[in-house]
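All remarks here apply to the structure that follows.
The values are calculated or read from the model by the stated rules, or taken from the named source; none is laboratory data. Keep in mind that this is a model prediction, so the values were computed, not measured. FYI the Cβ positions are ideal-geometry reconstructions off the backbone, even for glycines, and counts take in every protein chain you see. Accessible surface areas use protein heavy atoms only, side chains included; no ligands, DNA or RNA. Shrake-Rupley method; radii C 1.70, N 1.55, O 1.52, S 1.80 Å.
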4 protein chains.
Amino acid sequence: MSTAPETERRIREAAFRALVKHGYASLSLTDIGEELGQNPSIIYHYFDDKDDLLLSMIDVFVDIFVDERTEQPITDAEDELRMIIDQILHPQPDHVHKVMSSPPENIETAVSRVFVELWAHAIWDDDFRCETTEVENSLREILTRTIRTGMERGEFRSVNPELTAEHIFFLLKQGLHTHATTNRAAIDRVHTLVNQIVDELSTDKQSECLGA
Amino acid sequence: MSTAPETERRIREAAFRALVKHGYASLSLTDIGEELGQNPSIIYHYFDDKDDLLLSMIDVFVDIFVDERTEQPITDAEDELRMIIDQILHPQPDHVHKVMSSPPENIETAVSRVFVELWAHAIWDDDFRCETTEVENSLREILTRTIRTGMERGEFRSVNPELTAEHIFFLLKQGLHTHATTNRAAIDRVHTLVNQIVDELSTDKQSECLGA
Amino acid sequence: MSTAPETERRIREAAFRALVKHGYASLSLTDIGEELGQNPSIIYHYFDDKDDLLLSMIDVFVDIFVDERTEQPITDAEDELRMIIDQILHPQPDHVHKVMSSPPENIETAVSRVFVELWAHAIWDDDFRCETTEVENSLREILTRTIRTGMERGEFRSVNPELTAEHIFFLLKQGLHTHATTNRAAIDRVHTLVNQIVDELSTDKQSECLGA
Amino acid sequence: MSTAPETERRIREAAFRALVKHGYASLSLTDIGEELGQNPSIIYHYFDDKDDLLLSMIDVFVDIFVDERTEQPITDAEDELRMIIDQILHPQPDHVHKVMSSPPENIETAVSRVFVELWAHAIWDDDFRCETTEVENSLREILTRTIRTGMERGEFRSVNPELTAEHIFFLLKQGLHTHATTNRAAIDRVHTLVNQIVDELSTDKQSECLGA
DNA sequence: GATGAATGAGTATTCATTCAT
DNA sequence: GATGAATGAATACTCATTCAT
């Protein structure tokens, strides 16, 4: 059997790690080759060019966050919601290891950096922009579905599920973004805010609302 | 007085416009020189190097969003809050023109792009990181101060002003970020969510909470 | 018998077609592999390297223009001469098909291009130079022989057969060359000039004309 | 005064010499830089890219063969014709030195090589093709004009001046071509043939000869 | 015989930066 | 203060060639 698909995956993971190390603006194919432990020219056997390779790295995101969730039946809506939130804010090595054979060392930092860099590139490249939009749609969809299910089962209060999902999603993204781009520890603050929202959803109290 | 400070400002603005056009990763001094209408080597009379110039562009942000507000006395807290929010989500040409003599054409897009690009670069450069952190601190401080003032005057409900300010600030940033990096019209959605929070602050109603 | 000689010929023809398509300077083994419909590395089973393969393409020329003529007895000198001229200026698909199983589409263009490219390469490569010299010698020899035969039989006026052959040959080559390398329709002009020479040969006027 | 035009000319001449040394197919900007004694990147200050530089080398041809002749009044048609022929077949260092400050060593070889290489490239590049066509038109025009003038003054027999000029021109080109691409000494042979034609032109025999 | 994965040397081109004027 | 000529290091990408299968 051909080793090709394995090699393609190894290149993608090497690119991921190299991106975490060097950043988009100064990421060279040489860097990727070094991370890969092979001559960079091999990249052209598996990808059209640098952009094609980097574009494919959004797939790594999909692998980590989206794929497995889309088809899963929901058992407990609140548990499910909290688990999704947790996995985005604190990606676990075990989970990441399922989709990457050699993940970078500090996964939390790695994921937030790559998120910020790839999304930033989407400003300039339509293909990237399509992918980022789609990934976001999928994740928002998962959140929306979970909230709606919770409402239908009476676990959650009656809210606009799309808007609430979007609210949560904005905060999650911003947690990663602020974590990667400032000296502030933003993830815990976001966790607090998002927990409030989930708490609100699952209490039948009428008061104590967001930001309070 | 020499024309030097004027030239320095012109260079900074040219760099700003060039960044809006080309993006950080592919921004060359040639691009900036073209935007400036002068030979790019003049940049070295006013800045140490490319990084120094780009770092100084965060100052443009400070000029636009922070400076004038820090010392202003607050008259009406809710008005003030809504105005700050509006100015971040929809920067007005008139206002920007006060701090830039030749602003780029589409200011809303320009500001969100530059925000995303400069912050992304802060991942890799400690000097940038200090600046981004500081700018965010200032803006959060303004929001916090406004909320606290509103509370003290009885205009707003009693909340944790730091946390609420942070909540609003996360959403505002994410509005710009999503606007710049996906195909979704995120700014209006963010406006809706933030308005809800401000509404909550200024009503004494006990019900109808976030996302509802 | 093994299929090897057949494969070797197929490779040579593929190289010929690829050369017609891409030109010497930008002809890659990948191009040849594509034309061949096979993996380019197979070439190394039949040829030492790229140069060796391209050198062998001169043989295709020999196959087309020289081989069959060298041993043929001459029946009518003028007819023969006009036929040779015609075949060089307007190679017929039928005739080419005898030596190539998959000739390129526009043979006239193909032949002139390959002639110009291979001969140009002969500037730099002694092996090529030997081959081009030899092919030219053979063709000039055929022309000379035909003219001499015509003279001996009284069909042609008395001229210097080597010089006249060379004169005709120069013009024929230049027809192909100008056809391939400029926007001018040179072949018909050459035909006119060469016909004049042949006419002169076969008239019984005594006037000493050019080439005599 | 700026040194720029001087540098541009130096680059063009270096490219000319490098082309004579290495040939089109294996001519790298590094080669040209070496010939120039400077870093190859300087080329991009004066030319768009490699093709632009090489295209400009046809101008060197125009400088050598065409320019000075176009406006000169003709004194003696036969002398003039023989001089043009001589200058193409045997370019003199003195003459070349007028348009190149550092010509290559063996000018005869250099000119024929560059002619063959540039013309060969015209097969694939329309810009080259335009230039080659134009240069040829100019040279043919000069020959035609000289022959026509000779006829009008009664120095030459009555012939078709265009066709005779073309005849001569074909032979001259083929002299250079054969000289560059085979092991045969073709230039003298061509000289003999062309001299015959000119002799024919200036004899007063009435017999209708070629080109008439 | 034939494939295709892998290599590494080489190529055109870009770009921040320097420096003489 | 401002220019623009010049540099050299770095970069993406290509391609002939090898070799294990």
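What is the number of the single condition among (1) of a type outside the set (Ser, Thr, Tyr); (2) more than 16 Å from DNA strand E (Cβ to nearest atom); (3) without any contact (Cβ under 8 Å) to a residue 12 or more places away in the chain that residue B:9 does not meet?
Residue B:9 satisfies all of (1) of a type outside the set (Ser, Thr, Tyr); (2) more than 16 Å from DNA strand E (Cβ to nearest atom); (3) without any contact (Cβ under 8 Å) to a residue 12 or more places away in the chain except (3).
Quick grid of which residues meet (1) closer than 29 Å to residue C:75 by Cα; (2) at pLDDT below 95; (3) within 14 Å of chain D (Cβ to nearest Cβ):
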site: C:95; (1), (2), (3): yes, yes, no
site: C:102; (1), (2), (3): no, yes, no
site: C:113; (1), (2), (3): no, no, yes
site: C:118; (1), (2), (3): no, no, yes
site: C:134; (1), (2), (3): yes, yes, yes
site: C:138; (1), (2), (3): yes, yes, yes
site: C:154; (1), (2), (3): yes, yes, no
site: C:160; (1), (2), (3): yes, no, yes
site: C:166; (1), (2), (3): yes, no, yes
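Where in the stretch B:14-66 are there helices (runs of 4 or more DSSP H), lying wholly inside it, with at least 3 residues that are more than 13 Å from DNA strand E (Cβ to nearest atom)?
Numbers: elements: B:29-36, B:43-46, B:50-61.
Once the helices (runs of 4 or more DSSP H) in the stretch B:14-66 are filtered for at least 3 residues that are more than 13 Å from DNA strand E (Cβ to nearest atom), what remains is B:50-61.
Does residue A:117 satisfy the criteria of being within 16 Å of DNA strand E (Cβ to nearest atom), open to solvent by less than 20 Å² (accessible area, probe 1.4 Å) and in contact (Cβ under 8 Å) with a residue 60 or more places away in the chain?
On the way: within 16 Å of DNA strand E (Cβ to nearest atom): no; open to solvent by less than 20 Å² (accessible area, probe 1.4 Å): yes; in contact (Cβ under 8 Å) with a residue 60 or more places away in the chain: yes.
Against the criterion (within 16 Å of DNA strand E (Cβ to nearest atom), open to solvent by less than 20 Å² (accessible area, probe 1.4 Å) and in contact (Cβ under 8 Å) with a residue 60 or more places away in the chain), residue A:117 does not qualify.
Residues are listed down the side, and each one gets a yes or a no for (1) within 14 Å of chain A (Cβ to nearest Cβ); (2) in contact with a Ser or Thr (Cβ under 7 Å, 6 or more places away or on another chain); (3) open to solvent by 60 Å² or more (accessible area, probe 1.4 Å); (4) away from DNA strand F (no atom under 16 Å from the Cβ):
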site	(1), (2), (3), (4)
B:36	no, no, no, no
B:39	no, no, yes, no
B:50	yes, no, yes, no
B:59	no, no, no, yes
B:73	no, no, yes, yes
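For the structure I just gave you, tell me whether residue A:133 is free of Cβ contacts under 8 Å to residues at least 24 places away in the same chain and either buried (at least 21 other Cβ atoms within 10 Å of the Cβ) or touching a Ser or Thr at 6+ places or on another chain (Cβ under 7 Å) (or both). Working first, answer last.
Details: free of Cβ contacts under 8 Å to residues at least 24 places away in the same chain: yes; either buried (at least 21 other Cβ atoms within 10 Å of the Cβ) or touching a Ser or Thr at 6+ places or on another chain (Cβ under 7 Å) (or both): yes.
So residue A:133 fits the description; yes.
Of the residues D:54, D:89, which is touching a Gly at 6+ places or on another chain (Cβ under 6 Å) and either in contact (Cβ under 8 Å) with a residue 24 or more places away in the chain or surrounded by fewer than 18 Cβ atoms within 10 Å (Cβ to Cβ) (or both)?
Details: D:54 fails: touching a Gly at 6+ places or on another chain (Cβ under 6 Å).
The match here is D:89.
Would you list the helices (runs of 4 or more DSSP H) that sit entirely within the stretch C:111-212 and hold 2 or more residues that are more than 20 Å from the chain's Cα centre (by Cα)?
On the way: elements: C:126-152, C:161-181, C:186-202.
Passing ranges, in order: C:126-152, C:186-202.
Out of the residues in the stretch C:10-30 meeting the condition of being open to solvent by 30 Å² or more (accessible area, probe 1.4 Å) and among the charged types (D, E, K, R), tell me which one is farthest from DNA strand F (Cβ to nearest atom).
Start the filter on the stretch C:10-30 by keeping residues that are open to solvent by 30 Å² or more (accessible area, probe 1.4 Å), which leaves C:10, C:12, C:17, C:21-22, C:25-26, C:28-30.
If we keep only those that are among the charged types (D, E, K, R) too, we end up with C:10, C:12, C:17, C:21.
Working: C:10: 18, C:12: 15, C:17: 16, C:21: 13 Å.
Per the stated criteria, the residue is C:10.
Mind counting the residues in the stretch C:120-129 that are more than 7 Å from chain D (Cβ to nearest Cβ) and surrounded by fewer than 21 Cβ atoms within 10 Å (Cβ to Cβ)?
Residues that pass the stated criteria total 3.
Of (1) more than 14 Å from chain A (Cβ to nearest Cβ); (2) open to solvent by 70 Å² or more (accessible area, probe 1.4 Å); (3) away from DNA strand F (no atom under 16 Å from the Cβ), residue B:77 satisfies all except one. Which?
It fails just one condition, (2).
If a residue has to be facing chain B (nearest Cβ under 10 Å) and either more than 20 Å from residue A:68 (Cβ to Cβ) or among the charged types (D, E, K, R) (or both) to count, how many in the stretch A:140-151 make the cut? It would help to see each step written out before you state the result.
In the first step, residues of the stretch A:140-151 are kept if they are facing chain B (nearest Cβ under 10 Å); the result is A:140, A:147.
Filter again for either more than 20 Å from residue A:68 (Cβ to Cβ) or among the charged types (D, E, K, R) (or both), leaving A:140.
So the answer is 1.
Does residue B:178 satisfy being touching a Pro at 6+ places or on another chain (Cβ under 6 Å), free of Cβ contacts under 8 Å to residues at least 40 places away in the same chain and more than 7 Å from every other protein chain (Cβ to nearest Cβ)?
On the way: touching a Pro at 6+ places or on another chain (Cβ under 6 Å): no; free of Cβ contacts under 8 Å to residues at least 40 places away in the same chain: yes; more than 7 Å from every other protein chain (Cβ to nearest Cβ): yes.
Judged against the criteria, residue B:178 is not a match.
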